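Everything on this sheet refers to the single structure shown next.
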Amino acid sequence: MQLANIFRVASGSGYIVKLRLVTDKKSITPRLRLHIFNVNTATVAADNAPYKELYADSDKRLGYWDMPAMITAADTTNSDMSRTLDLNCRIAVTAANGSRDLFVVYEALDGFTPASGQKFNITAVMDNN
């Protein structure tokens, strides 16, 4: 998933200080690891395959962050989404040369099968340098 124009300037740097992840499927509780890259050319595993890391991609991978388990509001009958939020993260990130974007790959840490066409939306708050 692309975080377009998250940096104030091209080739910028800063810190991700807040993360919010929502999905359009209710009553799910997976914990997700968000792998953060500064390019979209990193080698990632095929859909439904275990996450893999390659040394060749180590200069593209800026780090990862484990999100708390997703939750749904108390009124599950009328709710139609699950969410997770971390307001206390501090992840140092730098853009690739000439870019203002970051890229995120999700890894499920718990047994979880997404629905076909399930939507995920990530919001990241930056403290730009």
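Is at least one residue of region 54-72 in contact with a Ser or Thr (Cβ under 6 Å, 6 or more places away or on another chain), under 17 Å from SER27 (Cα atoms), loosely packed, with under 15 Cβ neighbours inside 10 Å and of a type outside the set (D, E, K, R)?
To start, the set of residues in region 54-72 that are in contact with a Ser or Thr (Cβ under 6 Å, 6 or more places away or on another chain) comprises 54, 57, 67-70, 72.
Still in the running and under 17 Å from SER27 (Cα atoms): 67-70, 72.
Imposing the further condition that a residue be loosely packed, with under 15 Cβ neighbours inside 10 Å reduces the set to 68-69.
Those still in the list that are of a type outside the set (D, E, K, R) too: 68-69.
Yes, some residue in region 54-72 is in contact with a Ser or Thr (Cβ under 6 Å, 6 or more places away or on another chain), under 17 Å from SER27 (Cα atoms), loosely packed, with under 15 Cβ neighbours inside 10 Å and of a type outside the set (D, E, K, R).
Any residue in region 56-68 that is in contact (Cβ under 8 Å) with a residue 40 or more places away in the chain and part of a loop (DSSP other than H, G, I, E, B)? Among the residues of region 56-68, at least one is in contact (Cβ under 8 Å) with a residue 40 or more places away in the chain and part of a loop (DSSP other than H, G, I, E, B), which makes the answer yes.
Hey, among ALA115, ALA42, ALA49, ALA73, which residue is assigned to a loop (DSSP other than H, G, I, E, B), over 15 Å from LEU3 (Cβ atoms) and touching a residue at least 60 places away in the same chain (Cβ under 8 Å)?
ALA115
Restricting attention to region 27-39, the residues that are in a strand (DSSP E or B) and under 19 Å from SER13 (Cα atoms) add up to 4. Restricting the first member to region 17-28 and to residues that are under 11 Å from ARG83 (Cβ atoms), and the second to residues that are among the β-branched types (Val, Ile, Thr) and part of a loop (DSSP other than H, G, I, E, B), the beta-carbon pairs closer than 8 Å and six or more apart or on different chains are LYS26/THR72; LYS26/THR76; ILE28/THR72.
What residue, of PRO68, PRO50, is within 16 Å of VAL105 (Cβ to Cβ) and under 18 Å from the mean Cα position of the chain (by Cα)? Lay out the reasoning, then the answer.
On the way: PRO68 fails: within 16 Å of VAL105 (Cβ to Cβ).
None of the others qualify; the one that does is PRO50.
For region 99-108, name all the residues that are of a type in the set (A, V, I, L, M) and at pLDDT below 95. Within region 99-108, VAL105, ALA108 qualify. Return yes or no: is THR77 surrounded by fewer than 11 Cβ atoms within 10 Å (Cβ to Cβ), at pLDDT below 95 and in contact with a helix residue (DSSP H, G or I) (Cβ under 6 Å, 6 or more places away or on another chain)? No. Counting only residues that are polar (S, T, N, Q) and open to solvent by less than 80 Å² (accessible area, probe 1.4 Å), region 88-101 holds 2 of them.
For region 78-112, enumerate the residues that are in a loop (DSSP other than H, G, I, E, B) and more than 17 Å from VAL22 (Cβ to Cβ).
Listed by number, the residues that qualify are ASN88, ARG90, ALA95, ALA96, ASN97, GLY98, SER99, ARG100, ASP101, LEU109, ASP110, GLY111.
Within region 82-98, does at least one residue satisfy the condition of being touching a Leu at 6+ places or on another chain (Cβ under 9 Å), modelled with pLDDT under 95, of a type outside the set (A, V, I, L, M, F, W, C) and farther than 21 Å from THR43 by Cα? Looking for residues that are touching a Leu at 6+ places or on another chain (Cβ under 9 Å), modelled with pLDDT under 95, of a type outside the set (A, V, I, L, M, F, W, C) and farther than 21 Å from THR43 by Cα, one finds none in region 82-98, hence no. Among the residues of this structure, LEU85 does not count as one that is within 13 Å of THR123 (Cα to Cα) and either crowded, with 18+ Cβ neighbours inside 10 Å or among the basic types (Lys, Arg) (or both).
The values are calculated or read from the model by the stated rules, or taken from the named source; none is laboratory data. The shown structure was predicted, so the numbers you read here are calculated from the model rather than taken from an experiment. In this analysis, Cβ positions are derived from the backbone assuming ideal geometry, glycine residues included, and neighbour counts consider all displayed protein chains. Calculation scope for accessible area: heavy atoms of the full protein, side chains included, ligands and nucleic acids excluded. Shrake-Rupley method; radii C 1.70, N 1.55, O 1.52, S 1.80 Å.
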